[in-house]
There are 2 protein chains.
Amino acid sequence: MSGQQLSYLALNLALYDNLALLSRAVARYPDPAEALAAPVPELRALGFEEDRARRLGSRGLLEAAEKEFDRLGENGYSLVTLGDVDYPFLLREIFDPPCVLYCHGRREALGGPAVAVVGSRTPTPYGRAVAERLAEDLASRGVVVVSGLALGVDSAAHWGALRGGRTVAVLGSGLNMVYPKEHEKLSARVAESGAVVSEFPLDTSPLAQNFPRRNRVISGLSLGLVVVEAAERSGSLISAGLALEHGREVMAVPGNITSGRSRGTNALIKDGAKLVEGWEDVAQEMPEPLRSGLLAQRPGETPPLPLLTDAEEAVWKTLKPDVPTPLDALLEESAMSVSELLAVLLSLEIKGAVVQHPGKAYRRRM
Amino acid sequence: MSGQQLSYLALNLALYDNLALLSRAVARYPDPAEALAAPVPELRALGFEEDRARRLGSRGLLEAAEKEFDRLGENGYSLVTLGDVDYPFLLREIFDPPCVLYCHGRREALGGPAVAVVGSRTPTPYGRAVAERLAEDLASRGVVVVSGLALGVDSAAHWGALRGGRTVAVLGSGLNMVYPKEHEKLSARVAESGAVVSEFPLDTSPLAQNFPRRNRVISGLSLGLVVVEAAERSGSLISAGLALEHGREVMAVPGNITSGRSRGTNALIKDGAKLVEGWEDVAQEMPEPLRSGLLAQRPGETPPLPLLTDAEEAVWKTLKPDVPTPLDALLEESAMSVSELLAVLLSLEIKGAVVQHPGKAYRRRM
């Protein structure tokens, strides 16, 4: 644990219940330690209540953060903070990114190219089947499927993705309060190959107000969002609105106009969302070179030998086929910025030329 | 029967099997009598075979046309030719309009604002139900539903429209060769309030090559075309292509991506066709003032008192509430061209301010 991670954790503990205030503090103090050391009047001027301002610099808060961090370790969880080099770069782009993500499972799954698959908590058998199939098809091609671990479409998407590859679940509660209860097994399965993440402290209950925030993280992590089934005026349509605000692709699966569960998705398509019949339609909406990389793959086949850009080839040559090289070492050897290097590694991964290992280390695919 | 009608009928009898040649002759000789009197070398230069060129000026052709015309009368059919003032003005706009339409039923139905509803000959129960419902909803609002009298979606559209209002069936065979046989009763029902039309001589068999021509008339008569269900690479998609060529709105009803019968319609939507969930979506795509007129109506209610434009009000004032005034008389009284006047009458009809009577006569609605 770095001191900066602990500072972010403390800041989040003190402010997680007020996202607007938390975002303001993060914007005002790029170093979270500064926020914790800020004079009370300064914090008051920023909109802090007196109690909260006093708590920020308190010994009690730091102790609580240390205790929370110890519990994280005991559970085998890790912490991804805004200060970490592997904080998901798409999530960083949104207006109010979480300053910490509690992570159960493989944090490197957060760095993969991701697509959200969401929808009704009470889907028809059609919606459930489509979510499963689409998620499996995407995951088996290296796309990380992000969803909300909810009943219905979300869980179908996670289960489908698990058959094909990696999936990420974003919770509206703390990692120790998996909701709904019956998805505890699913949550554990997701964490084996992917990750279950939450911006809420470990013991946070699944309060209703947490779910819009959960939805913004689902969209924030993803290049695009596919709504599989949704009634009119449903939460999934709000998620679609968030994705639009985040500048992400909004896609929807059509359905019979006689089905209430397809009313929301058909309406999205009428409003300009891309109609999705299968993974190829999702691939078409991805930015290059991801798009070409995905479409060049054949199911069940080894991806073809990829054509690399000059930058990609340069990075690829520094990698070994046997031992993974950590990101830090790669960064030293290259003339690129972290974000440039991560983008190149991402596209190498998609092209099937590079394999990512735990701890943000990379090797050539053999 | 006018001499010009007989000339068109003769021209059609001689050339109906070769649409390209027929269209060329019609373009070259705006008066069909000129075509019939044209010197053989002139016709040869236009692409006529020797035999066909000789037949054009023959006594035999004229006699055949007179006989065909008599048979039309015996069957209670009428003839709509390019020279008639009530030739459907939208159909006139296409590249190769038929020079005659044999008409069984009420020819004035061809003048109503029309939307085509077409689709698979082997629909699912979903497709059949949607076609029926959509057609009924449109017809009950004064829209003429055009289709092809085929099995499946076409017949569902006709039956649905009959419950609500008027429908027009376009045949790929002669009026005395209704195809498929089991739709003879449907054909008779369509003709009671609407019309069954064909550009083919009375005894023409339903040859495969006739159906693309039938499809161009369906699209030509219509402001827009709705495909309800269609497989990939199906005839309905060709009809949609024709409608695009004709500059008409192309619309499609979405369906479950797991249904082969919705693959064509979902693909159309992906390619830019408007997604249709109900009659309101069709109404939205109609040109003004039809669009507003339709959307202002409430089902089961008398249409609200319409707001008329100056031109509409001027025409409306010349009409009587009891006795219908023929189009010719209206034309004399107005300063408008035929097409302007017809457009104004059309929009008055849609607004519910005017009722059209057989023989293109109009009265105020009481």
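General observations
- Among the protein heavy atoms, those of B:Lys320 account for about 100 Å² of accessible surface (1.4 Å probe, every chain in place).
- Using only alpha carbons, region A:1-58 has a radius of gyration to Kirkwood radius ratio (Rg to Rh) of 0.92.
- Residues A:Asn176 and A:Val355, FRET efficiency given R0 of 45 Å [Cβ-Cβ distance, rounded to 0.05]: 0.90
- Neighbours of A:Val40, meaning other residues whose beta-carbon lies under 13 angstrom from its beta-carbon, give a summed charge of 0 when Lys and Arg score +1 and Asp and Glu score -1.
- With R₀ fixed at 41 Å, the C-beta to C-beta distance from B:Ala208 to A:Arg163 puts the FRET efficiency at about 0.35.
- Across the identical copies, how the B:Ser58 labels are spaced - nm, sorted shortest first, 7 Å along Cα→Cβ: 10.9
- Projecting label points 7 angstrom from Cα along Cα→Cβ for A:Met1 and A:Lys185 puts them 3.4 nm apart.
- Residues B:Arg163, B:Arg24, sorted by accessible area with the largest first, give B:Arg163, B:Arg24 [1.4 Å probe; ligands and nucleic acids excluded].
- Top of A:Thr204, A:Thr124, A:Thr309 by mean-square fluctuation, Gaussian network on chain A, Cα under 10 Å: A:Thr309
- Computed Kirkwood radius, in angstrom, where 1/r is averaged over Cα pairs of chain A: 21.1
- Accessible surface ranking for A:Trp159, B:Trp279, 1.4 angstrom probe, highest first: A:Trp159, B:Trp279.
- Taking 0.36 nm per residue of sequence separation and removing the Cα-Cα distance, the A:Arg92/A:Glu333 pair yields an extension gain of 84.2 nm.
- For B:Ser334, the point set 7 Å out from Cα toward Cβ sits 7.2 nm from its twins in the other copies, listed from shortest up.
- Sulfur and carbon atoms: percent of accessible area, chain A [1.4 Å]: 53
- Start at zero, step by 10 Å, and the Cα-Cα distances of region B:26-138 spread as 11, 28, 30, 19, 10, 2 percent across the bins.
- Under the convention that each Lys and Arg Cβ holds +1 and each Asp and Glu Cβ holds -1, the size of the dipole of the protein assembly as shown around its Cα centre is about 1240 debye.
- Each label point was placed 7 Å from the Cα along the Cα-to-Cβ direction; for A:Ser193 and B:Leu295 their separation is 4.8 nm.
- Listed values for region A:43-58 are Karplus-derived 3J(HN,Hα) couplings in whole Hz (6.51 cos²θ - 1.76 cosθ + 1.60, θ = phi - 60°), namely 5, 4, 5, 7, x, 6, 5, 3, 4, 5, 5, 5, 5, 4, x, 7, and x replaces Gly and Pro.
- Projecting the Cα positions of A:Leu110, B:Tyr29, B:Gly83 onto the charge dipole of the protein assembly as shown (unit charges on Cβ atoms of Lys, Arg, Asp and Glu, taken about the Cα centre) puts A:Leu110 furthest along the positive direction.
- Once backbone amide H atoms are built at 1.01 Å from N, A:Ala114 has A:Val144, A:Leu223 as its partners under 5 Å, excluding neighbours fewer than 5 places away on the same chain.
- When Rg and the Kirkwood radius Rh are both evaluated on Cα atoms of region B:93-202, their ratio Rg/Rh stands at 0.95.
- Chain B, relative contact order [Cα under 8 Å, separation at least 6], %: 13
- Closest approach of a chain B Cβ to the axis relating B and A (residue, whole Å): B:Pro254, 2.
- Computed on protein heavy atoms with a 1.4 Å probe, the accessible areas place A:Glu277, A:Glu68 in the order A:Glu277, A:Glu68, largest first.
- Taking every DSSP helix (H) stretch of at least 4 residues in chain B, weighting each as -39,500 (n - 2.57) and dividing the sum by the residue count yields a mean residue ellipticity at 222 nm of -13500 deg cm²/dmol.
- Kyte-Doolittle mean at least -0.5, axial Cα span of 20 Å or more - DSSP H helices of chain A: A:125-139
- For B:Pro41, inter-copy separations between label points set 7 Å beyond Cα along the Cβ vector come to 11.1 nm, shortest first.
- Kirkwood hydrodynamic radius over Cα pairs of the protein assembly as shown, then Stokes diffusion coefficient at 10 °C and 1.306 mPa s, in µm²/s: 53
- Each residue of region A:222-232 is assigned a 3J(HN,Hα), and the resulting list reads 10, 6, x, 10, 10, 9, 8, 9, 7, 6, 5 Hz, derived from the Karplus form 6.51 cos²θ - 1.76 cosθ + 1.60 (θ = phi - 60°), x at Gly and Pro.
- Pairing chain B with chain A buries about 1600 Å² of accessible area. This figure sums both sides and uses a 1.4 Å probe.
- Area of B:Ser140 that stays accessible when all protein chains are in place (1.4 Å probe, Å², to 10): 60
The values are calculated or read from the model by the stated rules, or taken from the named source; none is laboratory data. In this text, all values refer to a predicted model and were calculated from it rather than measured experimentally. Note that each Cβ is placed from the backbone with ideal geometry, even for glycine, and that neighbours are counted across all protein chains shown. Side chains included, ligands, DNA and RNA excluded: accessible areas come from the protein's heavy atoms. Shrake-Rupley method; radii C 1.70, N 1.55, O 1.52, S 1.80 Å.
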